Amino acid sequence: MSPNKENNTASCDVVGCSLDVKRSISSSKIKNTLSSVTLSSSSRKAKLCKIHYKEFKKASKKDRKLEMLGR
């Protein structure tokens, strides 16, 4: 297993969700992008399940595209 992959025994950091973790993303990016989501942990990185990661990707698509064009 690669060191960059999350261990699937952890659960999602979104309040009310207990699904397995898919990705870890900066908590500040999640808070700025998804205002409707409340995170249970206050750490630097938040763990997201497949459903919440997909929601984050959809919400941040425009920002990520602008960031790529700016490089």
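Bear in mind these aren't lab numbers, they're just calculated from the coordinates by the rules spelled out. Not measured: the values here are computed from a predicted model. So basically every Cβ, Gly included, is an ideal-geometry build from the backbone, and we count neighbours across all protein chains shown.
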* Listed residues Val15, Leu39, Ile51: farthest to the positive end of the dipole of the chain (Cβ charges) -> Ile51
* Structure fact -> The size of the Cβ-based charge dipole (Lys, Arg +1; Asp, Glu -1) of the chain about the Cα centre, to the nearest 20 debye, is 360
* Asked: Using Cα pairs under 8 angstrom and six or more residues apart, how large is the relative contact order of the chain, in percent?
  -> 30
* **Lys57-Ser35 pseudo-label distance in nm [points 7 Å out on the Cα-to-Cβ vector]** => 2.5
* To do: For Ala10 and Ser26, compute 0.36 nm times the residue count separating them, minus their Cα-Cα distance, and round to one decimal in nm.
  => 4.1 nm
* **Matching label, Cα extents along the principal axes in Å computed from the structure shown, candidates (1) 52, 17, 16; (2) 27, 26, 26; (3) 37, 31, 20** => (3)
* To do: Can you tell me the order of 14-27, 57-70 when each peptide is scored by its average per-residue count of other Cβ atoms within 10 angstrom, highest first?
  => 14-27, 57-70
